[in-house]
Ligand SMILES: [Zn+2]
Ligand SMILES: [Zn+2]
């Protein structure tokens, strides 16, 4: 099909579909893997999720349902003249709205269609007609050679930073969900505010301290070194070895007895201390208590430069990391 004709048809379909509050604006399959979850690290993804959820007060962006089942959804804009696909916003949707934005998936459940009709105030039997348009638009979009960009026009296939995404989340803020009460004593207006507040209040975290101490191995009873960072915020220890991926990597590179091991307690792979004699994993769980007994300034081994990531991380997690419990 002629590209201009396709573009024209796409715009018509978009216009028709935009009359719905909830509609499936499907990504062309050929595009760069758009899954931000795969581009970001595990921790970065958690931060992004948390920022979006907080911004929306744990409510669905479209139907305002309060639910614990929120899912992150990227909103894209398609420019048919330039073949550019641009990231417009990152929102959180309830599961029923989310499934509605993925009509390309098979086995659509009845309750998903019912949700479509409720949110859009449409007759249930109009769904098939609507879906036909969605699929036609999707098919037509496949004829373009999309370049995928962030909101500032940077090519996402070269990567995208968490900072850019958080800024997008903050700027995409329409004021619909004004946070009323916070369990923490900070107020979230824009990400820039957060950075400003943080820069001013937590200067002691500019360097991250790495502690090193000796302790008997639980298995062979010989003395073996242990290392960990200890991140405290507002008087609480919130992060030790095994909690923060980026810091664990530093330890892994610098200390040969720090290894990637399987933790039976946590049922996952973790970075942790191992015995230099018998190789046994020493358990990150106990590090927490050890800080109280073994670790003081004489065990300070070195400091590493803080990174922007840490600042965001700490600000959004001013409590004990839940994945530790
Ligand atoms: Zn919803
Ligand atoms: Zn040992």
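The values are calculated or read from the model by the stated rules, or taken from the named source; none is laboratory data. All of these numbers come straight from a predicted model, not from anything done at the bench. Every residue, glycine as well, gets a Cβ built from its backbone with ideal geometry; the counts of neighbours run over all protein chains shown.
If you go through the stretch 120-164 and pick out every residue that is under 20 Å from residue 29 (Cα atoms), at pLDDT below 90 and outside any loop (DSSP other than H, G, I, E, B), you end up with 7. Looking at the structure I just gave you, is residue 106 exposed (fewer than 13 other Cβ atoms within 10 Å of the Cβ), away from ligand 2 (no atom under 16 Å from the Cβ) and farther than 15 Å from residue 20 by Cα? Judged against the criteria, residue 106 is a match.
Residue by residue, here is whether (1) within 16 Å of ligand 2 (Cβ to nearest atom); (2) at pLDDT 80 or above; (3) touching a strand residue (DSSP E or B) at 6+ places or on another chain (Cβ under 9 Å) holds:
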| site | (1), (2), (3) |
| --- | --- |
| 241 | no, yes, yes |
| 245 | no, no, yes |
| 252 | no, yes, yes |
| 261 | yes, yes, yes |
| 268 | no, yes, yes |
| 276 | yes, yes, yes |
| 301 | no, yes, yes |
| 308 | no, no, no |
| 316 | no, no, no |
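Just one of the numbered conditions (1) more than 26 Å from the chain's Cα centre (by Cα); (2) closer than 19 Å to residue 211 by Cα; (3) surrounded by fewer than 19 Cβ atoms within 10 Å (Cβ to Cβ) is not true of residue 277: (2).
Being at negative phi and surrounded by 19 or more Cβ atoms within 10 Å (Cβ to Cβ) narrows it down to one residue among 85, 75, 123, 69; which is it? Answer to the selection: 85.
The set of residues in the stretch 41-65 that are within 10 Å of ligand 1 (Cβ to nearest atom) and free of Cβ contacts under 8 Å to residues at least 24 places away in the same chain contains only 64.
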